[in-house]
């Protein structure tokens with residue numbers, strides 16, 4: 001194996017290169033190459049990661065741009081609370097109050113006077129309700145008055161109250177110009193069945 005020589009720094013004479021020095025130089029050269037290669041690999045890895053990250057960010061941005069606008073939130077109206085139903089007792093009391101009030105109806109030539117409970121006073125508008133009856137009486141027809149009462153309570157008192165109501169209607173006819181001779185009073189009749197209390201407190205007028 002040929003001997004390797006190195007120049008001495010003092011005398012200038014070449015010195016033989018020892019085996020350990022040679023291997024040390026080779027080892028240093030290998031380390032430098034490995035370091036360079038490692039740096040190159042790391043650089044490539046960083047470059048690839050940066051490229052992948054950039055592509056991912058660009059794709060997300062494109063998807064966000066292409067997304068349609070979010071629909072507007074639907075406005076749900078506030079629920080409307082229903083008013084509580086009236087108590088049955090209150091409804092019954094109101095219906096009773098209405099049925100107890102005096103009133104007048106005219107239908108198919110028959111005029112009906114409804115009276116308040118225990119009362120014989122005519123409702124307002126009696127003269128207007130009797131216009132057709134008065135016209136018929138002036139034409140020669142007779143006027144039939146029929147009173148009604150129920151069978152609750154004292155029968156004699158109910159019959160007398162029904163008679164007073166019929167007389168009140170007769171007086172209204174006479175006041176409107178109908179002669180007493182053309183007025184006929186029927187005996188008060190009792191009502192039956194499931195009719196309202198107001199039906200038992202009525203007087204009907206019809207032409208004959």
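The values are calculated or read from the model by the stated rules, or taken from the named source; none is laboratory data. These figures come from a predicted structure and were not determined experimentally. Cβ coordinates were reconstructed from backbone atoms using ideal geometry, including for glycine residues, and neighbour counts include every protein chain displayed.
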Exercise. For segment 133-165, enumerate the residues that are touching a strand residue (DSSP E or B) at 6+ places or on another chain (Cβ under 8 Å) and under 16 Å from residue 208 (Cβ atoms).
Key: 133, 136, 137, 141, 142, 143, 144, 145, 146
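Name every residue in segment 132-149 that is farther than 15 Å from residue 106 by Cα and under 54 Å from the mean Cα position of the chain (by Cα), in order of residue number. Write out each step before concluding.
The initial filter retains those residues of segment 132-149 that are farther than 15 Å from residue 106 by Cα, namely 137-142, 147-149.
Residues satisfying the conditions are 147, 148, 149.
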Practice problem: Considering each residue of segment 97-142, count those that are under 12 Å from residue 202 (Cα atoms), buried (at least 16 other Cβ atoms within 10 Å of the Cβ) and in contact with a helix residue (DSSP H, G or I) (Cβ under 7 Å, 6 or more places away or on another chain), and give that number. | Solution: 8
Quiz item: Which ones in segment 116-128 are over 18 Å from residue 182 (Cα atoms) and part of a helix (DSSP H, G or I)?
Solution: 126, 128
Practice problem: State all residues of segment 154-205 that are modelled with pLDDT under 85, assigned to a helix (DSSP H, G or I) and under 49 Å from the mean Cα position of the chain (by Cα); if no residue qualifies, say none. | Solution: 197, 198, 199, 200
